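Take a look at the structure below.
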Amino acid sequence: ETGVTQTPRHLVMGMTNKKSLKCEQHLGHNAMYWYKQSAKKPLELMFVYNFKEQTENNSVPSRFSPECPNSSHLFLHLHTLQPEDSALYLCASSQVLTGVNTEAFFGQGTRLTVV
Amino acid sequence: AQTVTQSQPEMSVQEAETVTLSCTYDTSENNYYLFWYKQPPSRQMILVIRQEAYKQQNATENRFSVNFQKAAKSFSLKISDSQLGDTAMYFCAFMRVTSGSRLTFGEGTQLTVNP
């Protein structure tokens, strides 16, 4: 059993649909992340939340909308996506302390296909 | 900005033999962490090994060890006694000490262990 759980594992959506990806971490961490993994490209950091506050948005289009209601849950709301948004979306968590950072633990990802 | 380069898109090795995966990085930071993550077909990103830049001693974890050359900005992974279960995509990743757990990834190396 993984400490970071993502649902759904697979998602197919049309360009006019609205859907959400969910991530839950059971590790007591205080930071959560969304990464995008596209074919033939390195993983790209999309959003960072520390203590439920968004601290980073790496120029992600507004059709991706993150939400972090508490330190254990992270959502990625999707609307009017494009086919090029098809990718594996990975959630991660870590414990961030002043001067000390732990490695990130990842979920199994959501394979998103936009048709 | 940091960059991570993995120059070997694919590698293969016979079971029980040793293989080395290469990684180079570029940074102006003096203190940072380096990681190797493994992503098997299940897509779960699993931490293999971690190296703190201030430590001269190379990290080891059972059959996995690294050759960390700070001046050359090189961070290779050696897998000894390769097993079929080692077949996966391997990612080298960089993390600044002061940036939380934000990771910069390389493009990945697909390793296949042959029976």
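Need at least 1 residues that are in contact (Cβ under 8 Å) with a residue 60 or more places away in the chain and closer than 19 Å to B:PHE105 by Cβ per element, so show me which strands (runs of 3 or more DSSP E) inside the range A:2-115 make the cut, counting only ones lying wholly within it. I'd like the intermediate steps shown before the answer.
Numbers: elements: A:4-7, A:10-13, A:18-25, A:31-37, A:44-50, A:53-57, A:64-70, A:73-79, A:87-94, A:110-114.
By residue number, A:4-7, A:18-25, A:31-37, A:87-94, A:110-114.
Within the option set A:PRO83, A:PRO8, A:PRO66, being over 17 Å from B:LEU103 (Cα atoms), surrounded by 14 or more Cβ atoms within 10 Å (Cβ to Cβ) and more than 10 Å from chain B (Cβ to nearest Cβ) holds for one residue only, A:PRO66. With respect to (1) over 14 Å from the mean Cα position of the chain (by Cα); (2) part of a loop (DSSP other than H, G, I, E, B); (3) within 28 Å of A:GLY3 (Cα to Cα); (4) of a type outside the set (A, V, I, L, M, F, W, C), the lone exception for B:GLU29 is condition (3).
Of everything in the range B:99-115 that's without any contact (Cβ under 8 Å) to a residue 60 or more places away in the chain and either more than 7 Å from chain A (Cβ to nearest Cβ) or under 10 Å from B:TYR33 (Cβ atoms) (or both), which residue is surrounded by the most Cβ atoms within 10 Å (Cβ to Cβ)?
B:SER101
Is at least one residue of the range B:36-54 of a type in the set (Lys, Arg), buried (at least 16 other Cβ atoms within 10 Å of the Cβ), in a strand (DSSP E or B) and out of contact with any helix residue (DSSP H, G or I) (no Cβ under 6 Å at 6 or more places or on another chain)? Yes; the residues of the range B:36-54 include at least one that is of a type in the set (Lys, Arg), buried (at least 16 other Cβ atoms within 10 Å of the Cβ), in a strand (DSSP E or B) and out of contact with any helix residue (DSSP H, G or I) (no Cβ under 6 Å at 6 or more places or on another chain).
Within the range B:19-26, is even one residue hydrophobic (A, V, I, L, M, F, W, C), under 18 Å from B:VAL97 (Cα atoms) and within 13 Å of chain A (Cβ to nearest Cβ)? Taking every residue of the range B:19-26 in turn, none turns out to be hydrophobic (A, V, I, L, M, F, W, C), under 18 Å from B:VAL97 (Cα atoms) and within 13 Å of chain A (Cβ to nearest Cβ).
With away from chain A (no Cβ under 14 Å) and within 26 Å of A:VAL96 (Cα to Cα) as the only criterion, which of B:PHE68, B:PHE91 stands out? Break it down stepwise before answering.
Details: B:PHE91 fails: away from chain A (no Cβ under 14 Å).
Sole residue among the options that is away from chain A (no Cβ under 14 Å) and within 26 Å of A:VAL96 (Cα to Cα): B:PHE68.
Bear in mind these aren't lab numbers, they're just calculated from the coordinates by the rules spelled out. All of these numbers come straight from a predicted model, not from anything done at the bench. Note that we place each Cβ from the backbone using ideal geometry, even for glycine, and neighbour counts take in every protein chain shown.
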